[in-house]
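Here is the structure we will look at.
Please treat every number below as a calculation from the coordinates, not as lab data. Since the model is a prediction, treat every value here as computed from it, not as a measurement. Quick reminder, even Gly has a Cβ in these numbers, built from the backbone with ideal geometry, and neighbours come from all protein chains shown.
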Amino acid sequence: MGHDIRDLVKKSRSYRRFHEDQRITRETLAGLVDTARFCPCSRNRQPLRYIITTDPEKTADISACLSFALDLPDWGGPVVGERPAGYITIVTEGECTPFTAYDIGIAAQTIMLAAAEQGIGGCMFGSIRKPRLRSVLGFPERYEVHLVLAFGYQAEEVVLEPVGPDGNTTYWRDACGIHHVPKRSLEEVLIGDEQQHPAGDRNPGLGERVCN
Ligand SMILES: Cc1cc2nc3c(=O)[nH]c(=O)nc-3n(C[C@H](O)[C@H](O)[C@H](O)COP(=O)(O)O)c2cc1C
């Protein structure tokens with residue numbers, strides 16, 4: 001397909017409404033995990049394990065374990081027919097360190113990008129009713145659940161917006177059902193002395209030294 005990485009990152013939005021009847025195969029999701037296997041991780045310990053779910057009854061049960069779009073309080077989540085068609089649940093076995101959260105984030109975004117490259121939409125879920133999910137998936141106690149990744153062919157449009165002058169970053173849905181996601185500008189996210197100097201201006205940033 002050949003995507004530019006910037007275009008792929010911009011395309012990889014959080015989708016929460018799908019064509020539930022357009023199923024995703026286990027092989028497709030296993031392929032995404034197969035890409036994430038090569039991700040960097042703290043001390044190369046590779047503590048992450050993945051549970052794939054594509055069975056329609058089970059994916060429906062998992063949907064009921066998740067909180068969809070807490071910042072859209074008037075929306076109760078996807079209805080039957082628009083729920084995700086597949087899930088990857090990220091778990092760990094054994095002790096987690098503060099770095100495990102980074103490992104999970106890196107793997108999760110890699111999976112989302114690999115899905116987007118194939119035209120598959122998705123969303124990460126950190127708000128999980130974990131005891132309920134545990135009973136749906138039926139995995140042993142020694143695994144700890146961290147993040148659930150939902151997948152499907154998206155049935156909604158998501159557009160990026162600049163953050164307005166009020167600085168509000170809350171996403172919203174308009175009257176046509178289009179989901180809008182404000183993102184901060186480059187100027188806002190770049191901090192420090194060098195930000196004041198245009199690219200190519202060799203003035204050093206804070207604490208930097210110039211060696212002639
Ligand atoms: C670690 C993490 C946890 C998230 N958990 C949830 C969640 O529980 N429910 C949900 O609807 N969206 C969740 N999201 C999706 C975010 O709401 C979404 O990334 C954000 O609104 C920005 O939209 P975008 O992904 O299209 O840029 C999560 C995203 C991340 C990175």
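What lysines could a cross-link reach from LYS58, if we take a straight Cα to Cα line under 27 Å and drop same-chain neighbours fewer than 8 places away? Filter leaves LYS130. Taking the Cα centre of segment 5-156 as reference, the dipole from Cβ charges on Lys and Arg (+1) and Asp and Glu (-1) amounts to some 280 debye. Per residue of the chain, the DSSP helices (runs of n ≥ 4 H) give a summed -39500 (n - 2.57) that works out to -8000 deg cm²/dmol at 222 nm. Gain on full extension, evaluated as 0.36 nm per residue between GLU95 and LEU72 minus their Cα-Cα distance, stands at 4.8 nm. Segment 1-35 and segment 109-126 have Cα centres separated by 4 Å.
Within the set of other residues whose C-beta is less than 13 Å from the C-beta of VAL145, count the net charge using Lys and Arg as +1 and Asp and Glu as -1. Spell out each step's value before the answer.
Numbers: positive: ARG49, ARG129, LYS130, ARG132, ARG134, ARG142; negative: GLU93, GLU141, GLU144.
That works out to +3.
Our summary gives the chain a relative contact order of 25 percent, counting only alpha carbon pairs under 8 angstrom and 6 or more residues apart.
Straight-line cross-link partners of LYS11 among the aspartates and glutamates, defined as a Cα under 12 Å from its Cα and at least 8 positions apart when in the same chain: GLU117, GLU157. Centre-to-centre, using Cα atoms only, segment 41-94 and segment 149-199 are separated by 23 Å. Ranked by how many other Cβ atoms sit within 10 Å of their own Cβ, fewest first, the residues ILE62, ILE106, ILE51 fall in the order ILE106, ILE51, ILE62. Label-to-label distance for GLU57 and VAL163 is 4.7 nm, based on points extended 7 Å past Cα in the beta-carbon direction. Within segment 1-40, what residues put their amide N at less than 20 Å from the label point 7 Å along the Cα-to-Cβ vector of GLU156? Taking a point 7 Å out along Cα→Cβ of GLU156, the residues of segment 1-40 whose backbone N falls under 20 Å are 9-24.
With viscosity set to 0.890 mPa s at 25 °C, what whole-number translational diffusion coefficient in µm²/s follows for the chain from Stokes-Einstein and a Kirkwood radius over Cα pairs? Mind showing how you got there, number by number?
Values: Rh = 19.2 Å.
Estimated diffusion coefficient is 128 µm²/s.
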